[in-house]
Amino acid sequence: MKTAVTLCRVPEAAAGPFVFHDPLEEGFAKAAAAGFDAVELFLEGPDAVNVEEIQALQKRHGLAIAAVGTGAGMVKHGLSLTDPSPEKRAAALDFVLRMIDFGGRLGAPAILGSMQGKWGGAVSRGQALGFLTDALEAAGAAAARHGVPFIYEPLNRYETNLHNRLAAAADYLDDCGLKNIVLLADLFHMNIEERDIAAALRETARHVGHVHWADSNRQAMGFGHTDPAPVLAALRDISYSGYLSAEIFPLPDSETAAKQTLLSIRSLITDH
Ligand code: LER
Ligand code: MN
């Protein structure tokens, strides 16, 4: 398993669950100094920063890009893949596909979280799931052209009503025959929705492709009440080899949250 830390450059998400909010050069330097293998990037869009600039930072600081988030499409541009307006849905898909290309050029998968939207009002649950399925088909194919998967993230009930639990999302992917889509196990959302986080990971092993390593209160693991030992044991048992990425609040400050994240992993994995 590899470690990653979030770096956000979206002003609208300045209060969001991201460890670093510094300018890229500083953020990369801090992530490297803390000892992470990679950064997970939250940028304003696919044209916000040149791929070459990111590659130079990676080289200078010896960091991989774990993934790129698409949340700015929602928080900055108000775009959702399940919007009642066909024009807005098309714009949302265009944003996601361009983020996939941006990440793909860095060897990184893109994540669909908040841009999945919700059903309700003019859009029935069936219609919303249909819109989501069409978008995931296109996203999976676009990501495959870069040799990376596309990451779909079940969210807690306060953020979406499409998929809240890993098993339901895994069944949905299977039932729709969706290809090249993996699931993001965000332990913060799972703490709210799952009966047993470790059991859910074992049950959906075939689909788990990314992990947001967060405690119950969305602080660094160890600062809330999740017991990480059975969670990590489950990830080892399912031969998970992806990232444990800290998508957490910078509390009490970024450096302490980063340090505690690595401590929580290293205390459980002796080879790290
Ligand atoms: C994104 O990874 C996430 O977990 C969401 O809570 C963002 O809305
Ligand atoms: Mn997440």
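The values are calculated or read from the model by the stated rules, or taken from the named source; none is laboratory data. Keep in mind it's a predicted model, so treat the numbers as computed, not measured. Here Cβ is always computed from backbone atoms with ideal geometry, including for glycine, and neighbour counts include all displayed protein chains.
Some notes on this structure:
- Filter result (within 16 Å of ligand 2 (Cβ to nearest atom) and surrounded by fewer than 18 Cβ atoms within 10 Å (Cβ to Cβ)) within the stretch 197-216: SER216
- Enumeration of residues in the stretch 168-205 that are within 30 Å of ARG145 (Cβ to Cβ), hydrophobic (A, V, I, L, M, F, W, C) and in contact (Cβ under 8 Å) with a residue 24 or more places away in the chain: ALA169, ALA170, LEU173, CYS176, LEU178, ILE181, VAL182, LEU183, LEU184, ALA185, LEU201, ALA205
- So GLU137, is it over 18 Å from the mean Cα position of the chain (by Cα), surrounded by 16 or more Cβ atoms within 10 Å (Cβ to Cβ), away from ligand 1 (no atom under 13 Å from the Cβ) and more than 24 Å from ARG89 (Cα to Cα): no
- Single condition GLN219 does not satisfy, out of (1) of a type in the set (S, T, N, Q); (2) crowded, with 20+ Cβ neighbours inside 10 Å; (3) within 16 Å of THR3 (Cβ to Cβ): (3)
- Cβ-Cβ contacts under 7 Å between residues 6 or more apart (or on different chains), taken from a first residue in the stretch 1-25 that is at pLDDT 95 or above and outside any strand (DSSP E or B) to a second residue that is crowded, with 24+ Cβ neighbours inside 10 Å and charged (D, E, K, R), are listed as PRO17/GLU247; PHE18/GLU247.
- Qualifying residues in the stretch 143-158 (those that are among the charged types (D, E, K, R) and under 28 Å from SER216 (Cβ atoms)) - the one farthest from ligand 2 (Cβ to nearest atom): ARG157
- Counting only helices (runs of 4 or more DSSP H) wholly contained in the stretch 153-252, the ones carrying 3 or more residues that are over 24 Å from ALA138 (Cβ atoms) and away from ligand 1 (no atom under 13 Å from the Cβ) occupy 197-203, 228-237.
- Pairs, first touching a residue at least 12 places away in the same chain (Cβ under 8 Å) in the stretch 150-161, second more than 10 Å from ligand 2 (Cβ to nearest atom) and acidic (Asp, Glu), C-beta under 9 Å, six or more apart: PRO154/GLU193; LEU155/GLU193; ASN156/GLU193; ARG157/GLU193
- When ASP237, ASP186, ASP196 are checked against the criterion of being among the acidic types (Asp, Glu) and within 23 Å of ILE65 (Cβ to Cβ), ASP186 stands alone in meeting it.
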